[in-house]
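The values are calculated or read from the model by the stated rules, or taken from the named source; none is laboratory data. As the structure is a prediction and not an experimental result, all values here were calculated from the model. In this analysis, Cβ positions are derived from the backbone assuming ideal geometry, glycine residues included, and neighbour counts consider all displayed protein chains. Side chains included, ligands, DNA and RNA excluded: accessible areas come from the protein's heavy atoms. Shrake-Rupley method; radii C 1.70, N 1.55, O 1.52, S 1.80 Å.
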Amino acid sequence: MRTAIVTDTNSGITVESGKKAGIYVLPMPLLIEEASYLEGVNITNSQVYQALRADQNLSSSQPSPGDVMALWDRVFDDGYDELLYIPMSSALSGSCHIAAQLALDYPGKVYVADNHRISVTLMESVYDAKALADNGKTAAEIKSYLEETAYEASIYLSVDSLKQLKKGGRITPAAAALGSILNIKPLLTIQGEKLDLFAKVRGTKQSEKKMIEALRDDLNTRFANIPKNRLRVATAGTLETEEEAGHWLELVQNAFPDYPVYYAPLSCSIACHVGVNAAGIGVTVIADCR
């Protein structure tokens, strides 16, 4: 049984990097001033940041059913017997539910895992899935594993500006104005499937310190009994320069010297909602076969 692993760019895995790893990746669509783009195909992260800086109207979108099924059909044309599709959390997008409905037309061949993750934690799940498939696990077995371990991860995210949250109706205009005046940065967290407010701090240095403290607490409590070689610490963001990304990565690496830490840009779709210069940190328990 040949099992293919499929995800979308909200995992932080690009189409090109997916090819190198043997993973199929669906580029997610987004709209800029009513023009449609596909992430990594005809739009880059830097172009999205420029559009945000120019205060253009941006919004994320779901892939069309036709695009999803076309990718699945290509997987089977490549000789695979079955596939596991791992989209972003169903709590954050309707694409997972749509995929599950489409899978009904591929009985016994297409499985959809609702892994309740996004960004770097979803990325680790996808790499887990590929390792499990390479070790002979079936799509059904991998789906079961991913859903059983879905909550073995933690994310904290600092938003530089409240503008995009205001545009999305997630906070009131008055709250956004007050936050800008006081330089208040909301810290968000994903503990499982939902995006929640974790704390409010003033200034970038305090937000960085608070996120590092929160992750250290998770490592010392929730994940204290997990072997270090099964924990992945990562940073992410919509940081506009290599220097800014390198600074955030260095801070986290110095805070957690026992773990190899990497930086991954947040997907274009996520950038539409959090704006530029957002910074995040996360930890994931990975499969023991990696």
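Observations
- Matching entry among R170, R117 (being over 30 Å from Y80 (Cβ atoms), of a type in the set (K, R) and either modelled with pLDDT of 85 or more or part of a loop (DSSP other than H, G, I, E, B) (or both)): R170
- Hey, I5 within 16 Å of the chain's Cα centre (by Cα), at pLDDT 95 or above and buried (at least 16 other Cβ atoms within 10 Å of the Cβ) or not: no
- Residue list for segment 60-83, filter: of a type in the set (S, T, N, Q) and open to solvent by 60 Å² or more (accessible area, probe 1.4 Å): Q62
- One residue alone among V252, V276 is closer than 15 Å to I155 by Cα, touching a helix residue (DSSP H, G or I) at 6+ places or on another chain (Cβ under 8 Å) and surrounded by 13 or more Cβ atoms within 10 Å (Cβ to Cβ), and that residue is V252.
- Of the strands (runs of 3 or more DSSP E) lying entirely inside segment 183-263, those containing at least 3 residues that are without any contact (Cβ under 8 Å) to a residue 40 or more places away in the chain are 184-190, 195-202.
- If the condition is being under 18 Å from the mean Cα position of the chain (by Cα) and open to solvent by 10 Å² or more (accessible area, probe 1.4 Å), then segment 225-239 contributes R232, L239.
- Checking A264 against (1) at pLDDT 95 or above; (2) over 25 Å from T9 (Cβ atoms), the condition it does not meet: (2)
- Filtering segment 121-141 to residues that are among the β-branched types (V, I, T) and either touching a Phe, Trp or Tyr at 6+ places or on another chain (Cβ under 8 Å) or outside any helix (DSSP H, G or I) (or both) leaves only T138.
- Checking V159, V112, V126 one by one, the residue that is among the aliphatic types (A, V, I, L, M) and either open to solvent by 60 Å² or more (accessible area, probe 1.4 Å) or farther than 22 Å from G79 by Cβ (or both) is V159 and no other.
- Residue list for segment 207-223, restricted to those being closer than 13 Å to A255 by Cβ and open to solvent by 80 Å² or more (accessible area, probe 1.4 Å): K209, E213, R216, D217, N220
- The lone criterion from (1) modelled with pLDDT of 90 or more; (2) over 21 Å from R117 (Cα atoms); (3) of a type in the set (S, T, N, Q) left unmet by T238 is number (2).
- Every pair of residues 6+ apart whose Cβ atoms lie under 6 Å, when the first sits in segment 50-76 and is touching a residue at least 24 places away in the same chain (Cβ under 8 Å) while the second is among the basic types (K, R) and exposed (fewer than 14 other Cβ atoms within 10 Å of the Cβ): none
- Failed item, numbered, when Q47 is tested on (1) more than 25 Å from A100 (Cβ to Cβ); (2) exposed (fewer than 14 other Cβ atoms within 10 Å of the Cβ); (3) modelled with pLDDT under 95: (3)
- Here the condition is being of a type in the set (A, V, I, L, M, F, W, C) and open to solvent by less than 10 Å² (accessible area, probe 1.4 Å); of I270, I281, it holds for I281 alone.
- Within the span defined as segment 216-227, one or more residues are modelled with pLDDT of 95 or more, more than 29 Å from T44 (Cβ to Cβ) and among the β-branched types (V, I, T).
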